[in-house]
Amino acid sequence: MIQVQSWLRTMDNCGARYVECIKTFGGFNRKFSYPGDFILVSIKQLRLIRKVRVGQVHLAVITRARKESRYLDGTMSRAENNVVLVLNKKKRILGTRVFGWVSRKLRRKKFLRIMIACGKRLI
């Protein structure tokens, strides 16, 4: 469950280390977002490689969340931290590489570019 003012880690090499959620998309007066949802983020901390600056606003998709996700087959998945992928205006990945695994909910929501960049590391 991601809400406004949540700090999130990034899982690509766009240059941002931590981002803060500004807005959750997907409905009127929506409070929480889950893996596979789009959010608006602000860059808070940087890595050494910089394609972005502190304070810039970007679109992001949530790839992992600490809140467990239950599936119809009875399994659950849970991550250790909240992680996002930073996107550009055309909803493509801002970085060139993706580190780690992504949630199974992204496969259902058909984020094909993220699936190709991530390879077979799905849980």
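Just reorder R64, R92 by solvent-accessible area, largest first, 1.4 Å probe, all chains present.
R92, R64
Given H placed on each backbone N at 1.01 Å, which residues far from V84 in sequence or on other chains put an amide H within less than 5 Å of it?
Residues meeting the amide H criterion: R9, T10, M11, T63.
Go ahead and estimate [θ] at 222 nm for the chain from helices alone: -39,500 (n - 2.57) per DSSP H run with n ≥ 4, summed, over the residue count, rounded to 500.
Calculated from helices alone, the mean residue ellipticity at 222 nm is -2000 deg cm²/dmol.
With labels modelled as points extended 7 Å from the Cα through the Cβ direction, what inter-label distance (nm, one decimal) is found for F99 paired with Y34?
Reported label-point gap for F99 and Y34 is 2.8 nm.
If you take every residue apart from S69 with its C-beta less than 9 Å away from the C-beta of S69, what net charge results, scoring Lys and Arg +1 and Asp and Glu -1?
Cβ neighbours under 9 Å give a net charge of +4.
Suppose R0 equals 35 Å; then what is the FRET efficiency for R70 and R50 from their Cβ-Cβ distance, rounded to the nearest 0.05?
Calculated transfer efficiency: 0.35.
In whole percent, what relative contact order does the chain give with Cα contacts below 8 Å and a gap of six or more residues?
Once divided by the residue count of the chain, the mean separation gives 24 percent.
Connecting C-alpha atoms closer than 10 Å in a GNM of the chain, tell me which of D37, D73, D12 has the biggest fluctuation.
Greatest mean-square fluctuation among the candidates belongs to D73.
Using each residue's phi in the stretch 66-77, evaluate 6.51 cos²θ - 1.76 cosθ + 1.60 at θ = phi - 60° and report the 3J(HN,Hα) Karplus result to the nearest Hz, with x for Gly and Pro.
For the stretch 66-77, the Karplus curve yields 5, 5, 5, 10, 9, 10, 5, 7, x, 8, 10, 10 Hz.
With springs only between Cα atoms under 10 Å, which of T24, T75, T96 fluctuates most in a Gaussian network model of the chain?
Comparing T24, T75, T96 in the GNM, the peak value goes to T75.
Which one of I22, I39, I62 has the biggest mean-square fluctuation once the chain is modelled by GNM with Cα springs under 10 Å?
I22
The values are calculated or read from the model by the stated rules, or taken from the named source; none is laboratory data. In this text, all values refer to a predicted model and were calculated from it rather than measured experimentally. In this analysis, Cβ positions are derived from the backbone assuming ideal geometry, glycine residues included, and neighbour counts consider all displayed protein chains. Just so you know, the surface numbers come from the protein's heavy atoms only, side chains and all, with ligands and any DNA or RNA stripped out. Shrake-Rupley method; radii C 1.70, N 1.55, O 1.52, S 1.80 Å.
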